[in-house]
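Here the structure comes first, spelled out in structure tokens, and everything after it is commentary.
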Amino acid sequence: MRWNIYYRRSVMQKFALLFSVVALAGSITIACAQQRQGGKPAPAAISSDIPDEAPPVFVPDLPREMTFAGERVPLEYSEVREALEREMTVTMFMHSRTLRTLRMTTRYFPVIEPILKKYGIPADFKYLCMAESGLDPNTVSPAGAAGLWQLMSSAAKDHGVETGSNVDLRFHVEIATEAACKYLRKAYQRYGSWTMAAASYNAGLAGVSKRIGIQGVDSYYDLFLPEETMRYVYRILSCKLLVENPQQYGFRLRKRDYLPAFENYRKITVSGQNIDWSALAARHGTNYKMLRILNPWIRSYEYANKAGTTYTVLIPTEGFRENGK
């Protein structure tokens, strides 16, 4: 008896579900048909009944004037404004990634900025680093570029940076920043423009120089480039605008939300062969996980170190794990 009641209820529920599916399919068909007639959207697509809790989606306002590395951005040109609006929209609405990147600025900008100054590179180039990697020192691109500055292996070797599957100094924040500075200084010497130097970081010196020769212009904003490079500087500019005005563009970060720079550590040197990183960590009162957080350039558990290279390794001290710095 109970089974019969259950069976009847089950059948009725199935009919109700079938009816709902048919009704939904009919409404979708009608909506699609309405949208096809004259190319007009279906009424549902232009409904004014937007719930109060819906997050705002908007085209960002641009400043009247803007510079990059002391060079004026010609915002009076419509294609420049449209390109910057496009990258601002992309950067703004990649919410989780952009929020994480903004939080990381206080961890890595204090490390990057003094090195930029040392090499005479404008401070705005920290936004290039931000655009390249999202300020994640462990980032590896599909093409094989690695670290905060997304150095390719060949470019790293050109600037004396060791790469490999066990030790890869492209992931070393200070060393990679110095390599990037050397490249940017060379690019500026060639072009006399920091904006063009930034573009060449994406397209290469040869790629940019070739197009300058063909097109006979010397400004990034006048030069026609591959699409990725056409968007590249605007992506950097979008990072600058967001860091300088996060709340204006929808990111409400409190002071405590920004991540601290690492400071509770000491330095040791390691130069022997057949390095066991886990054992090294244990000898110094820590573990492999903490070692990798402070030294992302360590890429394996062991390293033969046949050349006997001396490495400076950061070891966490009291308060590192508790305070995150």
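No lab work stands behind these numbers, since they all come straight from the coordinates. These figures come from a predicted structure and were not determined experimentally. Every residue, glycine as well, gets a Cβ built from its backbone with ideal geometry; the counts of neighbours run over all protein chains shown.
Note: relative contact order over segment 261-319, using C-alpha pairs below 8 Å and six or more positions apart, is 57 percent. Among Ile175, Ile115, the ranking by other beta carbons within 10 Å of each residue's beta carbon, starting with the fewest, stands as Ile115, Ile175.
Over 21 Å apart at the Cα level, from the set Lys186/Lys240; Lys118/Lys325; Lys157/Lys186, are Lys186/Lys240; Lys118/Lys325.
The H on the amide N of Tyr265, modeled in the peptide plane, is under 5 Å from the matching H of Thr317, each at least 5 residues off or on a different chain. Where a ≥ b ≥ c are the square roots of the eigenvalues of the C-alpha gyration tensor, would you call segment 234-325 rounded, which needs a/c under 1.5, or, failing that, prolate if a/b is larger than b/c, or oblate? Judged from the Cα gyration tensor, segment 234-325 comes out prolate (a/c at least 1.5, a/b above b/c).
Summarising the label geometry, the points placed 7 Å from Cα in the beta-carbon direction at Met152 and Ser300 lie 2.5 nm from one another. Taking 0.36 nm per residue of sequence separation and removing the Cα-Cα distance, the Val140/Glu53 pair yields an extension gain of 27.6 nm. Return the tail of the calculated pair distribution for segment 67-257, meaning the percent of Cα-Cα pairs more than 23 Å apart. Here the tail beyond 23 Å accounts for 42 percent of pairs. With neighbour counts taken as other beta-carbon atoms within 10 Å, the residues Trp149, Trp194 rank, fewest first, as Trp194, Trp149.
Relative contact order, whole percent, for segment 67-257 stands at 24, derived from Cα pairs under 8 Å and 6 or more residues apart.
Protection proxy ranking of 223-235, 256-268, by the mean of other Cβ atoms within 10 Å over each peptide's residues and highest first, is 223-235, 256-268.
Taken along the Cα-to-beta-carbon direction at a fixed 7 Å, the label points for Asn274 and Arg292 span 2.4 nm. How large is log10 I(q)/I(0) at q = 0.12, 0.13, 0.25 Å⁻¹ when the Debye formula is applied to the Cα atoms of segment 142-247, each weighted equally and without solvent? Results for segment 142-247 at q = 0.12, 0.13, 0.25 Å⁻¹ read -0.46, -0.54, -1.32. Taking other C-beta atoms within 10 Å as the exposure proxy, Tyr288, Tyr201 rank Tyr288, Tyr201 from fewest upward. Net charge within 13 Å of Val59 by Cβ-Cβ distance, Lys/Arg positive one each and Asp/Glu negative one each, not counting Val59 itself? Net charge around Val59: -2.
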